[in-house]
Amino acid sequence: MYKWFLLILLWAASSSLIASQTIVKMLPGYPGPLPFKLESGYIGVGEDEAVQLFYFFVESEGNPEVDPLIIWLAGGPGCSNLHAFFFEIGPLKIVNGNFIDDVPALQVDPNSWTKLANIIYLDGPTLTGYSYTTTSEAARSSDTLSASQTTEFIRKFVRDHPRFLKNPLYVTGISYSGFYLSSNGSSMFQLYWSALSTHKNPEVFPEPEKLDPSRFDGKGPVPYTFIPFGGGPRMCPGREYARLEILVFMHHLVIKYKWQKVIPNEQIIVNPMPKLAEGLPVRLYPRYA
């Protein structure tokens with residue numbers, strides 16, 4: 001039955017196709033147009049994007065511009081998120097024993113999480129649900145690799161949906177997904193900063209993290225011509241210049257000085273972002289006396 005509903009999601013009538021994203025407006029089994037915005041598609045991750053992760057995304061039925069963006073991961077590992085969509089936290093539920101045109105009847109779930117949040121239902125890790133790979137080598141996976149691929153997926157999803165950049169972001173799930181959710185911590189902190197400050201679209205910035213001096217000659221894309229690194233929505237130009245100044249400072253610091261930690265085993269405090277308890281005090285010594 002799940003495969004039948006996936007075909008409904010992918011090939012529903014009155015849908016508009018944009019790249020690998022399908023906007024689904026109607027579903028057999030539901031009487032009328034869907035009362036929420038539903039999108040399904042694939043995003044490639046990993047080397048040569050050999051891993052194609054399938055997702056379906058429901059915009060918040062409340063205020064999608066400010067409501068949280070939640071990525072929901074299923075358990076297993078290997079369980080399709082169609083179960084979460086129809087039986088756990090999704091906007092629709094199956095009416096047992098009822099059919100419309102020989103299709104199981106659907107009705108709105110008043111307790112859906114989508115009443116208050118934008119939710120991405122992600123089929124991960126590799127080969128889960130309707131995710132697939134283009135090479136046999138890419139079919140191998142692990143908890144840490146799945147965490148890395150999930151982070152890459154989120155970064156690319158937000159890149160393609162920049163209106164959600166400012167929304168609070170939560171990654172959660174059920175059952176076994178807790179294992180690779182916990183291993184996703186460090187990469188998620190990286191995602192938190194890079195998604196807001198760096199434009200990863202190669203058509204705009206082929207190498208967004210590389211300094212390109214020609215940008216200061218007015219050769220960069222408008223309106224980021226004089227920004228040294230890749231720009232993005234809601235980017236702070238002053239912060240980008242500060243990054244360049246810090247790089248120059250660090251260059252001289254590393255070349256001309258050696259340093260030693262004052263507190264060798266300084267603790268890290270997380271509240272909510274990680275920071276060193278005493279601010280990492282160091283002693284500097286001239287490298288060449």
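Just so it is clear, none of the values below were taken in a lab; they were calculated from the coordinates. Computed from a predicted model, the values in this text were never measured in an experiment. When we count neighbours, we look across all protein chains shown, and the Cβ atoms used for this are built from the backbone with ideal geometry, even at glycine.
Could you put Ile174, Ile43, Ile268 in order, starting from the residue whose Cβ has the fewest other Cβ atoms within 10 Å? Walk me through the numbers on the way to the answer.
Working: Ile174 17, Ile43 25, Ile268 8.
Result, fewest neighbours first: Ile268, Ile174, Ile43.
Give the order of Tyr42, Tyr55 when sorted by the count of other beta carbons within 10 angstrom, beginning with the fewest.
On the way: Tyr42 19, Tyr55 23.
So the residues, fewest neighbours to most, are Tyr42, Tyr55.
Would you mind counting up the charge near Phe57? Only other residues with Cβ under 11 Å from its Cβ, with Lys and Arg at +1 and Asp and Glu at -1. Spell out each step's value before the answer.
Details: positive: Lys37; negative: Glu39, Glu59, Asp160.
Result for the local shell: -2.
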(Q) List the pairs from Lys37/Lys210; Lys166/Lys258; Lys166/Lys275; Lys115/Lys210; Lys93/Lys156 whose alpha-carbon separation is above 32 Å, in the order I gave them. (A) Lys37/Lys210; Lys166/Lys258; Lys115/Lys210
Q) If you wrap a convex hull around the C-alpha atoms of segment 19-104 and split its volume per residue, what is the figure in Å³? A) 148 Å³
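Once fully extended, how much extra length lies between His251 and Leu116, figured as 0.36 nm per residue of separation less the alpha-carbon to alpha-carbon distance? The partial results should precede the final answer.
Values: separation 135, 0.36 × 135 = 48.60 nm, distance 4.70 nm.
Using 0.36 nm per residue and subtracting the Cα-Cα distance, I get 43.9 nm.
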Q. Each residue of segment 70-83 in turn: what ³J(HN,Hα) in whole Hz from Karplus with 6.51, -1.76, 1.60 and θ = phi - 60°, glycine and Pro shown as x?
A. 10, 9, 9, 10, 7, x, x, x, x, 8, 5, 7, 4, 5
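Could you compute the net charge surrounding Ile70? Neighbours are other residues with a C-beta less than 14 Å from the C-beta of Ile70; K and R count +1, D and E count -1.
On the way: positive: Lys115; negative: Glu59, Glu61, Asp67, Glu88.
That sum, taken over residues with Cβ under 14 Å, equals -3.
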